[in-house]
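The values are calculated or read from the model by the stated rules, or taken from the named source; none is laboratory data. The shown structure was predicted, so the numbers you read here are calculated from the model rather than taken from an experiment. No Cβ is skipped: glycine too gets one built from the backbone with ideal geometry, and neighbour counts run over all protein chains shown. Accessible surface areas use protein heavy atoms only, side chains included; no ligands, DNA or RNA. Shrake-Rupley method; radii C 1.70, N 1.55, O 1.52, S 1.80 Å.
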Amino acid sequence: MTDAEADLASRALAVNQANLGIGHEVFADDGARFVRDTRFPRVYDANHVADITASTPEEIGRLLARVETEFAHCTHRKFHVDFRTPPAFEARLQLDGYQLSHSLVMLLEGDLHGTPRPCDIRPVDDAAAWDAFYTLNKHDWSEYAARLGKSGDETVGVDLARTQVLKSPPVRYWLAYDDGEPRGYFNAWEGLDGVGQVENLFVQAEYRHRGLATALIHHCVADARDHGAPTGRRRSVVIVADASDTPKRMYAAMGFRPVAIKREYLKMVG
(Lines give C-alpha, C1' and ligand atoms only; values in the text may rest on other atoms or scores of the structure.)
Protein backbone atom coordinates (compact mmCIF):
# COMPACT_ATOMS: atom_id res chain seq x y z
CA MET A 1 0.00 0.00 0.00
CA THR A 2 1.41 3.39 -1.01
CA ASP A 3 1.37 6.36 1.36
CA ALA A 4 -1.43 7.93 -0.69
CA GLU A 5 -3.51 4.75 -0.56
CA ALA A 6 -2.92 4.40 3.19
CA ASP A 7 -3.97 8.03 3.73
CA LEU A 8 -7.16 7.55 1.69
CA ALA A 9 -8.03 4.32 3.53
CA SER A 10 -7.34 5.99 6.88
CA ARG A 11 -9.66 8.89 6.04
CA ALA A 12 -12.42 6.51 4.95
CA LEU A 13 -12.06 4.52 8.17
CA ALA A 14 -12.05 7.72 10.24
CA VAL A 15 -15.32 8.92 8.69
CA ASN A 16 -17.01 5.62 9.41
CA GLN A 17 -15.76 5.62 13.00
CA ALA A 18 -16.92 9.21 13.52
CA ASN A 19 -20.34 8.24 12.16
CA LEU A 20 -20.61 5.37 14.64
CA GLY A 21 -19.95 7.77 17.51
CA ILE A 22 -22.66 10.31 16.64
CA GLY A 23 -25.24 10.51 19.42
CA HIS A 24 -23.13 8.62 21.98
CA GLU A 25 -20.44 9.41 24.52
CA VAL A 26 -17.03 9.38 22.82
CA PHE A 27 -13.65 9.72 24.52
CA ALA A 28 -10.04 8.69 24.00
CA ASP A 29 -7.93 7.24 26.81
CA ASP A 30 -5.62 4.33 27.65
CA GLY A 31 -4.60 3.81 24.05
CA ALA A 32 -8.00 3.67 22.32
CA ARG A 33 -11.18 5.52 21.40
CA PHE A 34 -14.29 4.54 23.36
CA VAL A 35 -17.87 4.80 22.09
CA ARG A 36 -20.22 4.26 25.02
CA ASP A 37 -23.95 4.60 25.71
CA THR A 38 -25.53 3.16 28.85
CA ARG A 39 -29.01 3.65 27.35
CA PHE A 40 -28.37 0.92 24.77
CA PRO A 41 -26.31 -1.80 26.46
CA ARG A 42 -27.07 -4.44 23.81
CA VAL A 43 -26.28 -2.30 20.76
CA TYR A 44 -22.73 -3.11 19.65
CA ASP A 45 -22.25 0.05 17.57
CA ALA A 46 -23.17 2.16 20.62
CA ASN A 47 -20.68 0.38 22.88
CA HIS A 48 -17.31 -0.50 21.40
CA VAL A 49 -13.62 0.37 21.20
CA ALA A 50 -11.67 1.51 18.13
CA ASP A 51 -8.57 3.47 17.02
CA ILE A 52 -6.38 1.30 19.23
CA THR A 53 -2.74 2.25 19.78
CA ALA A 54 -1.94 0.07 22.82
CA SER A 55 0.90 -2.25 21.79
CA THR A 56 3.04 -3.31 24.76
CA PRO A 57 1.85 -5.98 27.22
CA GLU A 58 1.46 -3.30 29.88
CA GLU A 59 -0.55 -0.98 27.61
CA ILE A 60 -2.75 -3.81 26.39
CA GLY A 61 -3.45 -5.00 29.93
CA ARG A 62 -4.33 -1.47 31.03
CA LEU A 63 -6.70 -0.98 28.08
CA LEU A 64 -8.48 -4.30 28.63
CA ALA A 65 -8.94 -3.48 32.31
CA ARG A 66 -10.39 -0.08 31.39
CA VAL A 67 -12.79 -1.75 28.96
CA GLU A 68 -14.19 -3.89 31.78
CA THR A 69 -14.91 -0.75 33.79
CA GLU A 70 -16.41 1.33 30.99
CA PHE A 71 -18.62 -1.43 29.61
CA ALA A 72 -19.79 -3.02 32.84
CA HIS A 73 -23.35 -2.22 31.72
CA CYS A 74 -22.99 -4.49 28.64
CA THR A 75 -23.01 -8.23 28.11
CA HIS A 76 -20.58 -7.88 25.20
CA ARG A 77 -17.11 -6.55 24.47
CA LYS A 78 -16.51 -5.23 20.95
CA PHE A 79 -13.32 -3.99 19.26
CA HIS A 80 -12.93 -2.51 15.78
CA VAL A 81 -9.45 -2.98 14.30
CA ASP A 82 -7.85 -2.34 10.90
CA PHE A 83 -4.44 -2.17 9.20
CA ARG A 84 -3.30 0.55 11.63
CA THR A 85 -3.95 -1.53 14.77
CA PRO A 86 -0.85 -2.88 16.58
CA PRO A 87 -0.55 -6.59 15.72
CA ALA A 88 0.14 -7.46 19.37
CA PHE A 89 -3.27 -6.14 20.39
CA GLU A 90 -5.13 -8.09 17.74
CA ALA A 91 -3.15 -11.20 18.68
CA ARG A 92 -4.32 -10.77 22.28
CA LEU A 93 -7.94 -10.71 21.14
CA GLN A 94 -7.37 -13.93 19.22
CA LEU A 95 -5.78 -15.49 22.30
CA ASP A 96 -8.73 -14.41 24.45
CA GLY A 97 -11.25 -16.15 22.20
CA TYR A 98 -12.97 -13.21 20.52
CA GLN A 99 -15.19 -13.96 17.52
CA LEU A 100 -13.97 -12.32 14.30
CA SER A 101 -16.03 -10.78 11.49
CA HIS A 102 -15.10 -8.49 8.61
CA SER A 103 -16.50 -5.35 7.03
CA LEU A 104 -15.48 -4.08 3.61
CA VAL A 105 -14.75 -0.35 3.43
CA MET A 106 -15.55 0.91 -0.09
CA LEU A 107 -15.02 4.34 -1.59
CA LEU A 108 -16.62 6.19 -4.50
CA GLU A 109 -14.41 8.87 -6.03
CA GLY A 110 -15.97 9.43 -9.46
CA ASP A 111 -19.48 9.18 -10.87
CA LEU A 112 -21.87 6.42 -9.92
CA HIS A 113 -22.43 3.93 -12.71
CA GLY A 114 -25.91 3.42 -14.12
CA THR A 115 -29.00 5.58 -14.33
CA PRO A 116 -31.65 5.33 -11.61
CA ARG A 117 -35.29 5.09 -12.54
CA PRO A 118 -37.57 7.91 -11.35
CA CYS A 119 -38.44 7.25 -7.73
CA ASP A 120 -40.37 9.03 -5.00
CA ILE A 121 -37.73 9.72 -2.33
CA ARG A 122 -38.61 11.87 0.67
CA PRO A 123 -36.71 13.02 3.77
CA VAL A 124 -37.38 11.52 7.17
CA ASP A 125 -38.25 14.82 8.80
CA ASP A 126 -41.50 14.42 10.74
CA ALA A 127 -43.19 12.02 13.14
CA ALA A 128 -45.01 10.09 10.42
CA ALA A 129 -41.82 9.55 8.44
CA TRP A 130 -39.95 8.37 11.53
CA ASP A 131 -42.79 5.95 12.32
CA ALA A 132 -42.41 4.55 8.81
CA PHE A 133 -38.66 4.29 9.33
CA TYR A 134 -39.20 2.38 12.59
CA THR A 135 -41.51 -0.08 10.85
CA LEU A 136 -39.02 -0.73 8.04
CA ASN A 137 -36.14 -0.98 10.50
CA LYS A 138 -38.03 -3.70 12.36
CA HIS A 139 -38.16 -5.73 9.13
CA ASP A 140 -34.47 -5.04 8.52
CA TRP A 141 -33.51 -6.29 12.00
CA SER A 142 -35.65 -9.42 11.65
CA GLU A 143 -33.96 -10.31 8.35
CA TYR A 144 -30.50 -9.66 9.75
CA ALA A 145 -31.14 -11.73 12.86
CA ALA A 146 -32.51 -14.62 10.82
CA ARG A 147 -29.50 -14.57 8.48
CA LEU A 148 -27.08 -14.80 11.40
CA GLY A 149 -29.17 -17.25 13.39
CA LYS A 150 -29.79 -14.75 16.20
CA SER A 151 -32.88 -14.62 18.40
CA GLY A 152 -34.29 -11.55 16.69
CA ASP A 153 -35.26 -9.98 20.02
CA GLU A 154 -37.48 -7.07 18.97
CA THR A 155 -36.25 -4.85 21.80
CA VAL A 156 -32.76 -4.92 20.27
CA GLY A 157 -34.22 -3.86 16.94
CA VAL A 158 -36.08 -1.00 18.62
CA ASP A 159 -32.90 0.17 20.33
CA LEU A 160 -31.00 0.01 17.03
CA ALA A 161 -33.62 2.24 15.43
CA ARG A 162 -33.45 4.67 18.34
CA THR A 163 -29.70 5.01 17.91
CA GLN A 164 -30.29 5.97 14.28
CA VAL A 165 -32.64 8.76 15.34
CA LEU A 166 -29.88 10.12 17.58
CA LYS A 167 -27.68 10.62 14.51
CA SER A 168 -30.17 12.95 12.83
CA PRO A 169 -28.86 15.60 12.41
CA PRO A 170 -26.19 15.65 11.05
CA VAL A 171 -27.01 12.35 9.29
CA ARG A 172 -29.98 12.70 6.93
CA TYR A 173 -32.38 9.78 6.39
CA TRP A 174 -34.43 9.20 3.25
CA LEU A 175 -37.42 6.98 2.47
CA ALA A 176 -38.18 5.47 -0.94
CA TYR A 177 -41.87 5.06 -1.78
CA ASP A 178 -43.56 2.57 -4.10
CA ASP A 179 -47.31 2.09 -4.49
CA GLY A 180 -47.62 5.24 -2.38
CA GLU A 181 -46.05 3.63 0.69
CA PRO A 182 -42.51 3.74 2.18
CA ARG A 183 -40.65 0.60 1.11
CA GLY A 184 -36.99 1.34 1.85
CA TYR A 185 -34.50 3.73 3.41
CA PHE A 186 -30.91 4.94 3.26
CA ASN A 187 -28.93 7.75 4.88
CA ALA A 188 -26.28 10.31 3.97
CA TRP A 189 -23.73 12.40 5.84
CA GLU A 190 -21.21 14.94 4.56
CA GLY A 191 -18.53 13.36 6.76
CA LEU A 192 -15.05 14.71 7.40
CA ASP A 193 -11.92 15.79 5.58
CA GLY A 194 -13.34 15.54 2.08
CA VAL A 195 -14.98 12.14 2.59
CA GLY A 196 -18.74 11.70 3.07
CA GLN A 197 -20.67 8.56 3.96
CA VAL A 198 -23.83 6.73 2.91
CA GLU A 199 -25.05 3.85 5.05
CA ASN A 200 -27.79 1.45 6.19
CA LEU A 201 -29.50 0.56 2.93
CA PHE A 202 -32.72 -1.45 3.25
CA VAL A 203 -35.61 -2.27 0.92
CA GLN A 204 -38.48 -4.59 1.80
CA ALA A 205 -37.99 -8.03 0.27
CA GLU A 206 -41.10 -7.95 -1.90
CA TYR A 207 -40.07 -4.57 -3.39
CA ARG A 208 -36.50 -5.47 -4.33
CA HIS A 209 -35.29 -5.54 -7.94
CA ARG A 210 -37.53 -2.59 -8.80
CA GLY A 211 -34.77 0.02 -8.75
CA LEU A 212 -35.48 1.43 -5.28
CA ALA A 213 -32.03 0.61 -3.90
CA THR A 214 -30.30 2.10 -6.95
CA ALA A 215 -32.38 5.26 -6.69
CA LEU A 216 -31.65 5.59 -2.97
CA ILE A 217 -27.91 5.19 -3.52
CA HIS A 218 -27.83 7.83 -6.26
CA HIS A 219 -29.92 10.20 -4.15
CA CYS A 220 -27.87 9.81 -0.98
CA VAL A 221 -24.48 10.02 -2.72
CA ALA A 222 -25.59 13.33 -4.23
CA ASP A 223 -26.86 14.48 -0.83
CA ALA A 224 -23.57 13.61 0.91
CA ARG A 225 -21.64 15.43 -1.78
CA ASP A 226 -23.89 18.49 -1.84
CA HIS A 227 -23.67 19.17 1.90
CA GLY A 228 -20.52 20.74 3.22
CA ALA A 229 -18.32 20.21 0.16
CA PRO A 230 -16.03 23.19 -0.50
CA THR A 231 -16.64 25.04 -3.76
CA GLY A 232 -15.00 23.26 -6.65
CA ARG A 233 -14.10 20.19 -4.61
CA ARG A 234 -15.84 16.88 -5.15
CA ARG A 235 -16.31 14.83 -2.05
CA SER A 236 -15.47 11.12 -2.02
CA VAL A 237 -18.12 8.92 -0.42
CA VAL A 238 -17.57 5.81 1.70
CA ILE A 239 -19.90 2.90 2.32
CA VAL A 240 -19.19 -0.04 4.64
CA ALA A 241 -20.48 -3.45 3.58
CA ASP A 242 -20.73 -6.75 5.38
CA ALA A 243 -17.93 -8.74 3.74
CA SER A 244 -20.00 -11.94 4.03
CA ASP A 245 -23.13 -10.54 2.33
CA THR A 246 -24.02 -9.81 -1.29
CA PRO A 247 -24.70 -6.00 -1.38
CA LYS A 248 -20.94 -5.40 -1.72
CA ARG A 249 -21.21 -6.63 -5.33
CA MET A 250 -23.90 -4.10 -6.15
CA TYR A 251 -21.82 -1.30 -4.65
CA ALA A 252 -18.78 -2.39 -6.68
CA ALA A 253 -20.84 -2.50 -9.87
CA MET A 254 -21.98 1.07 -9.17
CA GLY A 255 -18.42 2.37 -8.85
CA PHE A 256 -17.41 1.94 -5.20
CA ARG A 257 -13.99 0.32 -4.86
CA PRO A 258 -12.62 -1.54 -1.83
CA VAL A 259 -9.95 0.41 0.05
CA ALA A 260 -9.73 -1.31 3.46
CA ILE A 261 -10.94 -4.14 5.64
CA LYS A 262 -12.29 -3.43 9.10
CA ARG A 263 -12.10 -6.41 11.45
CA GLU A 264 -14.56 -6.61 14.31
CA TYR A 265 -13.89 -8.73 17.38
CA LEU A 266 -16.79 -9.68 19.66
CA LYS A 267 -17.07 -11.60 22.91
CA MET A 268 -20.17 -12.14 25.02
CA VAL A 269 -19.64 -11.92 28.79
CA GLY A 270 -21.69 -12.46 31.92
Worksheet item: Mind checking the angle between helix 154-166 and the chain's longest principal axis? C-alpha axes, 0 to 90 degrees, to the nearest 10.
Response: 80
Worksheet item: Roughly how many percent of the accessible protein surface of region 23-122 is carbon and sulfur, given a 1.4 Å probe and a whole-percent answer?
Response: 51
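Say R0 is 35 Å: what FRET efficiency, to the nearest 0.05, do A252 and D125 get from their beta-carbon distance?
After rounding to 0.05, the efficiency reads 0.65.
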Practice prompt. Round to the nearest 10 and give me the degree value, 0 to 90, for the angle of helix 127-148's Cα axis relative to the longest principal axis of the chain.
Written response: 60
Response to the item:
In Å, the Kirkwood hydrodynamic radius from C-alpha pairs for region 170-217 sits at 11.4
Practice prompt. With springs only between Cα atoms under 10 Å apart, run a GNM on the chain and tell me which of V49, V240, V156 wobbles the most.
Written response: V156
Discussion item. Can you work out the Karplus-derived ³J(HN,Hα) for every residue in region 20-31? Use 6.51 cos²θ - 1.76 cosθ + 1.60 with θ = phi - 60°, whole Hz, and x for glycine or proline.
Written reply: 4, x, 4, x, 10, 6, 10, 8, 10, 5, 6, x
Practice prompt. Hey, can you grab everything whose amide H is under 5 Å from the amide H of D178? Only 5+ residues off in sequence or another chain; H modelled, so Pro and N-termini drop out.
Written response: R183
Practice prompt. Check the chain and count each lysine pair with an alpha-carbon distance under 18 angstrom, considering only pairs eight or more places apart or from different chains.
Written response: 7
Worksheet item: Of F79, L108, V124, which is farthest on the positive side of the dipole of region 72-146, counting Cα position, with +1 on Lys and Arg Cβ, -1 on Asp and Glu Cβ, and the Cα centre as origin?
Response: F79
Worksheet, complete the sentence: Normalised Cα Rg of region 115-270, dividing by 2.2 N^0.38 Å with N its residue count, works out at 1.06
Discussion item. Classify region 1-148 from the C-alpha gyration tensor, please: rounded if a/c falls under 1.5, else prolate or oblate depending on whether a/b exceeds b/c.
Written reply: oblate
Worksheet item: Each residue of region 66-74 in turn: what ³J(HN,Hα) in whole Hz from Karplus with 6.51, -1.76, 1.60 and θ = phi - 60°, glycine and Pro shown as x?
Response: 5, 4, 4, 6, 6, 10, 4, 7, 10
Discussion item. Could you check the spin-label model distance between A243 and D111? Points 7 Å from the Cα along Cα→Cβ, value in nm.
Written reply: 3.3
Worksheet entry | Relative packing of peptides 164-171, 241-248, 208-215 - highest average C-beta neighbours within 10 Å first | 208-215, 164-171, 241-248
Worksheet item: Taking Cα atoms of region 137-210, Rg/Rh with Kirkwood Rh, to two decimals?
Response: 1.01
Worksheet item: On full extension of the chain, what length is gained from A65 through V26, given 0.36 nm per residue of separation minus the C-alpha to C-alpha distance?
Response: 12.2 nm
Worksheet item: What order, most packed first, do the peptides 182-188, 92-98 have when packing is the mean number of other Cβ atoms within 10 Å of each residue?
Response: 182-188, 92-98
Worksheet entry | Nonlocal amide H pairs with V195, under 5 Å, H built at 1.01 Å | none
Item to complete: Could you look at region 186-270 and say what percent of its accessible area is carbon and sulfur, using a 1.4 Å probe and all protein chains?
Response: 51
Response to the item:
Rg/Rh over Cα atoms for the chain, Kirkwood Rh, comes to 0.96
Discussion item. For Cα pairs less than 8 Å apart in space and 6+ apart in sequence, what is the mean separation divided by the residue count of the chain, i.e. the relative contact order in percent?
Written reply: 27
Worksheet entry | Helix-derived mean residue ellipticity, 222 nm - over the chain, DSSP H n ≥ 4, -39500 (n - 2.57), to 500 | -12000 deg cm²/dmol
Worksheet item: Once phi is turned into ³J(HN,Hα) by the Karplus curve 6.51 cos²θ - 1.76 cosθ + 1.60 with θ = phi - 60°, what whole-Hz value does each residue of region 9-18 show in order, with x for glycine and proline?
Response: 4, 5, 5, 5, 5, 5, 5, 4, 5, 5
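Considering Cα pairs under 8 angstrom that are at least six residues apart, work out the relative contact order of region 42-171 and quote it in whole percent. Walk me through the numbers before you get to the answer.
Numbers: 63 pairs, mean separation 31.1, N = 130.
About 24 percent, as a whole number.
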Worksheet item: For the chain, what is the accessible area per residue in Å², given a 1.4 Å probe and the full set of protein chains?
Response: 47
